[in-house]
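Here's the structure, in structure tokens; my notes come after.
What follows is calculated from the coordinates using simple rules that are stated; it is not laboratory data. Keep in mind the model is a prediction, meaning the values are calculated, not measured. Because the Cβ atoms are built from the backbone with ideal geometry, glycine has one as well, and the counts that use them run over all protein chains shown.
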Amino acid sequence: MQIKSGDTVKVIRGKDRGKSGKVVQAFPRQGLLSIEGVNLSVKHLRARKAGERGQKVQFPAPMPACKVLVVCPQCGKPTRIGVVRAESGVRERKCKHCQATFR
């Protein structure tokens, strides 16, 4: 998976199509991403102590990585990502639109 936590992504499929957000957590083995402000789910928490109230907690549920595109930090467009090797042998990601490389 070529998407890392901290990347800005744009959703291209599903109920949140068109929304953008920062990747909070990436699960590469499952191919899932947790994105800030996208695919929000509600969890109901029970009151644990006497006098305390139960509450609803909203959190970004993981969604498939195939439903998002990375937003290039150089050109600002949602784009597919290519992987290239630099002269030093380090793998870098490359924007398919503007050919800029970033880590």
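Along the axis of the charge dipole computed for the chain (Cβ charges of +1 for Lys and Arg, -1 for Asp and Glu, origin at the Cα centre), the listed residues 72, 30, 41 are led at the positive end by 41. Note on residue 47 and residue 98: the model spin-label points, each 7 Å out from Cα along the C-beta direction, lie 5.4 nm apart.
Might you report the magnitude of the Cβ-based charge dipole of the chain about its Cα centre, with Lys and Arg at +1 and Asp and Glu at -1, to the nearest 20 debye? Before the final figure, lay out each step's value.
Working: 23 positive and 6 negative charges, 66 e Å.
Charge dipole of the chain: 320 debye, to the nearest 20.
Say the cut-off is 27 Å between C-alpha atoms; which of 4/77; 4/96; 43/94 go over it? Spell out each step's value before the answer.
Working: 4/77 17 Å; 4/96 17 Å; 43/94 38 Å.
In this structure, 43/94 lie more than 27 Å apart at Cα.
Taking 37, 89, 18 in turn, the Gaussian network model of the chain (Cα-Cα springs below 10 Å) assigns the largest fluctuation to 89. Unpaired Cys in the chain, meaning no second Cys C-beta under 4.7 Å: 66.
Mean-square fluctuations from a GNM of the chain, with a 10 angstrom spring cutoff on Cα atoms, peak among 83, 23, 68 at 83.
Cα convex hull of the chain: mean projected area in nm², to one decimal?
Values: hull surface 34.4 nm².
One quarter of the hull surface, i.e. the mean projection, equals 8.6 nm².
GNM on the chain, alpha-carbon springs under 10 angstrom: the most fluctuating residue among 61, 50, 86 is 50.
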